[in-house]
Amino acid sequence: MFLATEILFFGGLFTAYAVMRTLNPEAFSLASYKLNAVLGGLNTAILLTSSFTMALAVWAAQTKNQSLLRLFLGLTLFFGCFFLVIKAYEWHHEYEVGLLPGKNFGYAAHGHDHAHADDKHMSDHAHDHNQASSPGAVAARQITVTDRDGKTPLTPDKLKGLQMAFLFYFMITGLHATHMVVGISVMGIHWVWTFFYPRFGVDDYTPIEVSGLYWHFVDVVWIFVFPILYLLRH
Amino acid sequence: MAAHKPITPATYSIVYVALLLLTTLTVFISEYVDTGAYEIAVALTIASIKTLLVALIFMHLYYSGPLVWLSGGAGVLFLAIMMSLFLLDYNTRDWTPGRNEQPIVTSKDQGYLPRRDH
């Protein structure tokens, strides 16, 4: 029942994405083009592996083998964390190249600092305190996000569409990662309990099974997130 | 949910390998095969097959009773209703008579965002 509400929770976001995508098909495919499908695919494989070890954990609980249960819960935890590490690396990269929606969308993070420094160099020291808000600092910056050819900077209109696409990207992956953190916490608690309660999970495997259902659900969400965000690029 | 017999690791392993192969396939198609307008259909079909594998085997849906099927089905059904109504709405708005006197700007040189200047 809870998972049915979760389907609609993510479903709302997917629906909004579908609508915006039909309105701006080119911007959204450009956004897919800018994501790293190899890292995304690797993350998909990692998450599938964690689901596999989770299924084996449930099997270990059913066959009353607690040391195997502990091992598979630990492996599930490990792959879950591994997924988040790669996701964090991707987010960081997107921030660096200026794909984080907001005031600085379209400007590389370091490019911003650079332009700021140039501006500071040219101006009077007395105005140092006002540098961040001076118009010169903004005018000196160059849009660093390019079109498919990798050379032409995007026009402001195209940048606007791309920003919408990346807003959805960060919302969807962010919500998914939040669910991952919850799942990892639950698995972590189960894992620790297997050390303190000798019969935990094997007398009654329902807690393991139910947590497993949640874990698989988060995996299924990613199974859809991955092709939608990363693979539709033509 | 506690009624079914344990599924063997062998079954899980087969499903796991199938899932990895399908992932490789969908990435390969995206990178090297030009599927044109069917791109979304192909990607979502593969994703649906993977979801069925996870739901039926990993989540034991295949071995579960009618009530579990009903709960899962209800979620999918309402999602389908929501998505189809939203997309029907947004994709047919321009069919209204008089709406096309000022067409939505879609040419590439004017950017990606549709604009209505009225």
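If you go through region B:8-23 and keep only what is under 23 Å from the mean Cα position of the chain (by Cα) and under 9 Å from B:I57 (Cβ atoms), you end up with just B:V15. Those residues that are in contact with a helix residue (DSSP H, G or I) (Cβ under 6 Å, 6 or more places away or on another chain), more than 7 Å from chain A (Cβ to nearest Cβ) and without any contact (Cβ under 8 Å) to a residue 12 or more places away in the chain, I need them from region B:31-60; list them, please. Hits for region B:31-60 are B:T35, B:L56.
Would you say A:F83 is closer than 20 Å to A:M171 by Cα and hydrophobic (A, V, I, L, M, F, W, C)? Judged against the criteria, A:F83 is a match.
Give me the helices (runs of 4 or more DSSP H) completely within region A:109-205, filtered to those with at least 1 residues that are at pLDDT 80 or above, ordered by residue number. Lay out the reasoning, then the answer.
On the way: elements: A:109-122, A:135-139, A:156-196.
Result: A:156-196.
Within region B:1-30, the set of residues being touching a residue at least 40 places away in the same chain (Cβ under 8 Å) and either in contact with a strand residue (DSSP E or B) (Cβ under 8 Å, 6 or more places away or on another chain) or small (G, A, S) (or both) comprises B:A3 only.
Counting only residues that are surrounded by 17 or more Cβ atoms within 10 Å (Cβ to Cβ) and over 16 Å from A:V225 (Cβ atoms), region A:35-67 holds 13 of them. Is one or more of the residues making up region B:37-53 in a helix (DSSP H, G or I) and more than 17 Å from the chain's Cα centre (by Cα)? No - not one qualifying residue is present in region B:37-53. Residue pairs whose Cβ atoms lie under 6 Å apart, separated by 6 or more positions or on different chains, with the first residue in region A:205-234 and among the β-branched types (V, I, T) and the second assigned to a loop (DSSP other than H, G, I, E, B), are A:I208/A:G201.
Let's see how each residue does on (1) free of Cβ contacts under 8 Å to residues at least 40 places away in the same chain; (2) more than 9 Å from every other protein chain (Cβ to nearest Cβ); (3) aromatic (F, W, Y); (4) assigned to a helix (DSSP H, G or I):
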position: A:G41; (1), (2), (3), (4): no, no, no, yes
position: A:T44; (1), (2), (3), (4): no, no, no, yes
position: A:S50; (1), (2), (3), (4): no, yes, no, yes
position: A:S67; (1), (2), (3), (4): yes, yes, no, yes
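Among the conditions (1) farther than 30 Å from A:V202 by Cα; (2) more than 9 Å from chain B (Cβ to nearest Cβ); (3) among the aliphatic types (A, V, I, L, M), A:L71 misses just one, which is (1).
Total residues in region B:4-30 satisfying the condition of being more than 7 Å from chain A (Cβ to nearest Cβ) and either part of a helix (DSSP H, G or I) or surrounded by 16 or more Cβ atoms within 10 Å (Cβ to Cβ) (or both): the figure is 13. Of the residues examined, A:T178 is not one that is surrounded by fewer than 16 Cβ atoms within 10 Å (Cβ to Cβ), hydroxyl-bearing (S, T, Y) and facing chain B (nearest Cβ under 10 Å). Only one of the numbered conditions (1) buried (at least 20 other Cβ atoms within 10 Å of the Cβ); (2) in contact with a Pro (Cβ under 6 Å, 6 or more places away or on another chain); (3) not β-branched (V, I, T) is not met by A:R70, and that is (2).
Candidates are the residues of region B:58-76 that are at pLDDT below 85 and assigned to a loop (DSSP other than H, G, I, E, B); the one that is nearest to B:V15 (Cα to Cα) is B:S64.
The values are calculated or read from the model by the stated rules, or taken from the named source; none is laboratory data. These numbers were taken from a predicted model, which means no experiment stands behind them. Glycine also receives a Cβ, built like all others from the backbone with ideal geometry; neighbour counts cover every protein chain displayed.
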